[in-house]
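Quick notes on the structure that follows.
Read-outs: derived from the displayed coordinates by stated rules, not from any lab. Computed from a prediction, not measured in an experiment: that's the story for all the values here. A quick note on method: Cβ atoms are made from the backbone with ideal geometry, for glycine too, and the neighbour counts reach across all protein chains shown.
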Amino acid sequence: MILIKKLLKKYIQMYPYEKAPKRALRFLKEGGGVFSNNNWLGHFTGSAWIVNPKKNKVLLTHHKILNKWIQLGGHADGEQNLLNVAIREAKEESGINKLSLLDEQVFDMDIHRVFGRKNEPSHLHYDVRFIFEANPKKENIVVSSESFGVEWISIDKISKLNSEMSIERMIKKTQLLTP
C-alpha cells in the first residue's frame, strides 16, 4: 500500500488540477479491502496504455461487458502493486509478452462507475494506469475471452471509438511524448 500511496502523491504533484488522484488517496487511507474486487464501494484496478515505438498507435481492447474500446487492464485481485496488475492484465488480454515500461510513475488515474449486473452491484473503479511500449511487428496479438477484439489503433482515430474524457486525456499525454 505504501508504493501506491507514494505513486499517487507524485502524480498529484505533477497534475495538481486533477481530482481523481486526490479522491483515490483518500479512499486508500480508508482501507478495508481497497484492492479486493469484493469491496462494493469500490476497488483499485491497474491498466496498461500500450503504445508502439512511434507513439502513433495504441493497443486497445473492445471489451465484451462494457462494449467499448478501452486500454488493457483489470482487477487487482488483492495485489497491492498496481504496476504488476497492469502487466499481468495486459499480457492476459493481449498475448503480448514483451512490454517495455516507459515510466515507473503513474501515467494516468481515473475513477469511473461500473454499473451493476447479475451478482455485482454498481461500484467505483479507482483505475491506476501505466504507459508501456510494444512493437506491433514483433508481437502476435491474442484475443482473450473478455474481448471482442484487440487492435493497434491509430492515435488520431481513438476518439471516434471512445471519446471519454479519460481516454482523451491519455491521448493528449501520449501526443506530448511524440518527437
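Among F130, V114, P21, whose Cα lies farthest out toward the positive end of the dipole of the stretch 2-177, if unit charges sit on the beta carbon of Lys, Arg (+1) and Asp, Glu (-1)?
The Cα lying farthest towards the positive end belongs to P21.
Restrict the search to the stretch 14-51; then list the chymotrypsin sites (Phe, Trp or Tyr not before Pro) that DSSP places in a loop and that have at most 11 other Cβ atoms within 10 Å of their Cβ.
Loop-located and lightly packed - Y17.
What does the helix-only formula give at 222 nm for the chain: each DSSP H stretch with n ≥ 4 adding -39500 (n - 2.57), the total divided by the residues, and the result rounded to the nearest 500 deg cm²/dmol?
Per the formula, -9000 deg cm²/dmol.
What ranking do 99-106, 130-137, 56-63 get when scored by the average of other Cβ atoms within 10 Å per residue, highest first?
Taking the mean over residues of other Cβ atoms within 10 Å, the ranking is 56-63, 130-137, 99-106.
Taking the Cα centre of the chain as origin, sum charge times position over the Cβ atoms of Lys and Arg (+1) and Asp and Glu (-1), and report the length of that vector in debye to the nearest 20.
That gives a dipole near 420 debye.
Just to be sure I understand: of the beta bridges DSSP finds with both ends in the chain, what percent are antiparallel, rounded to 5?
70
Once you have the alpha carbon radius of gyration of the chain, what is it after dividing by 2.2 N^0.38 Å, with N set to its residue count?
0.98
Rounded if a/c is under 1.5, else prolate if a/b is larger than b/c, else oblate: which is the stretch 87-164, with a ≥ b ≥ c the root eigenvalues of its Cα gyration tensor?
Prolate, since a/c reaches 1.5 and a/b exceeds b/c.
Would you list which lysines come within 17 Å of K9, measuring only between C-alpha atoms, while excluding same-chain residues fewer than 8 positions from it?
Filter leaves K19, K22, K29.
Which lysines have a Cα less than 17 Å from the Cα of K55, not counting those fewer than 8 places away in the same chain?
Here the lysines satisfying the reach criterion relative to K55 are K98, K137, K138, K157, K172, K173.
Hey, what did the chain get for relative contact order, percent, Cα under 8 Å, at least 6 apart?
26 percent.
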